[in-house]
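The values are calculated or read from the model by the stated rules, or taken from the named source; none is laboratory data. Here the structure is a predicted model, which means the values were calculated and not measured. So basically every Cβ, Gly included, is an ideal-geometry build from the backbone, and we count neighbours across all protein chains shown. The accessibility values were calculated without ligands, DNA or RNA, using every heavy atom of the protein model including side chains. Shrake-Rupley method; radii C 1.70, N 1.55, O 1.52, S 1.80 Å.
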Amino acid sequence: MAERRVVLILGGTSDARQLAARLVAQPPPGGVRVVSSLAGRTKAPVLPPGETRVGGFGGAPGLAAWLREHRAAAVVDATHPFAARISANAVAACAAAGVPLLRLERTGWTERDGDDWRRVGSAEEAAALLPGVGSRVFLTTGRMETAPYAGLDDLWFLLRSVEPPEDAVPRNLELLLARGPFTVEDEIALMRRHGIDVVVTKDSGGGQTAAKLDAARELRLPVVVISRPAVAAETCVASVAEAERWVAHVLE
């Protein structure tokens with residue numbers, strides 16, 4: 001029996017899990033061994049179908065070595081839009097190992113009538129802007145980048161994340177541990193209950209976490225939106241279906 005060809009999915013997102021499920025359920029002709037790689041930053045991640053590995057590769061050289069060792073046929077980088085370092089390592093490793101690479105990145109959010117967005121390029125820029133925008137902040141950027149806000153002692157923060165932050169945090173902070181998706185009604189109630197007057201978010205895109213934007217629009221609240229980094233890969237698609245077709249084409 002011929003050895004199944006390896007498709008590595010750099011994951012951790014719902015899109016990555018959906019792609020893994022599709023490839024496992026309906027593999028391309030000849031079969032495919034789906035291996036999903038998770039960074040290991042979340043203690044209890046939602047695991048995708050197929051094989052799973054947790055932890056880093058050791059940068060681009062380590063990833064390239066893994067691809068050669070496992071004779072990988074293709075890599076799909078379906079990491080979070082803000083996982084810039086992992087994406088850059090994937091570009092370098094695939095070039096070194098001669099493995100086709102696809103970036104699966106859902107489309108970013110677009111302003112709608114009634115939105116009051118303030119776009120910035122980083123968490124540091126968001127922190128610098130906040131004192132002039134509001135005083136009770138709903139911070140929805142996760143647990144990894146809290147340090148830029150730590151010195152804003154005159155502001156109050158509601159931080160929502162799946163797990164507690166490990167970095168410095170603002171002095172006036174309430175932590176809400178929760179995993180989405182959330183409804184618009186729930187988000188409106190949450191913001192009203194805590195007297196939120198400004199929301200901070202990353203432009204993650206997709207519908208799973210967009211309810212907070214709809215709630216902010218309904219409540220006429222300003223939203224500080226951190227723009228996503230540029231895509232490093234040459235080939236990029238925005239949907240799981242397109243990624244599935246790309247894998248099938250590469251494995252023909």
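The numbered conditions (1) under 21 Å from Ala238 (Cα atoms); (2) open to solvent by 60 Å² or more (accessible area, probe 1.4 Å) are all true for Leu47 except (1). Annotation: Asn89 fulfils all but one of (1) under 21 Å from Ala232 (Cβ atoms); (2) open to solvent by less than 60 Å² (accessible area, probe 1.4 Å); (3) in contact (Cβ under 8 Å) with a residue 60 or more places away in the chain; (4) not hydrophobic (A, V, I, L, M, F, W, C); the unmet one is (3). Note on the stretch 101-113: among residues that are of a type outside the set (D, E, K, R) and crowded, with 19+ Cβ neighbours inside 10 Å, the one that is nearest to the chain's Cα centre (by Cα) is Leu104.
Scoring Ala211 on the criteria (1) open to solvent by less than 40 Å² (accessible area, probe 1.4 Å); (2) touching a residue at least 60 places away in the same chain (Cβ under 8 Å) leaves a single failure, condition (2). The number of residues in the stretch 199-223 being among the aliphatic types (A, V, I, L, M) and out of contact with any Phe, Trp or Tyr (no Cβ under 8 Å at 6 or more places or on another chain) comes to 4. Checked against the criterion of being in a loop (DSSP other than H, G, I, E, B) and crowded, with 16+ Cβ neighbours inside 10 Å, the stretch 242-252 has at least one qualifying residue.
When Ala84, Ala74 are checked against the criterion of being in contact (Cβ under 8 Å) with a residue 60 or more places away in the chain, more than 24 Å from Ala21 (Cα to Cα) and under 23 Å from the mean Cα position of the chain (by Cα), Ala84 stands alone in meeting it.
Selection of the stretch 128-161 for residues being under 17 Å from the mean Cα position of the chain (by Cα) and of a type in the set (Phe, Trp, Tyr) yields an empty set.
Within the stretch 99-121, the residues that satisfy the criterion of being over 23 Å from Glu242 (Cβ atoms) and not charged (D, E, K, R) are Gly114, Trp117, Val120, Gly121. Reported count of residues in the stretch 21-64, each being at positive phi and either modelled with pLDDT under 90 or of a type in the set (Ser, Thr, Tyr) (or both), is 5. Listed by first and then second residue, the pairs with beta-carbon distance under 8 Å, at least 6 apart or on different chains, first residue in the stretch 129-148 and under 17 Å from His194 (Cβ atoms), second surrounded by fewer than 19 Cβ atoms within 10 Å (Cβ to Cβ) and among the hydroxyl-bearing types (Ser, Thr, Tyr), are Thr140/Thr209.
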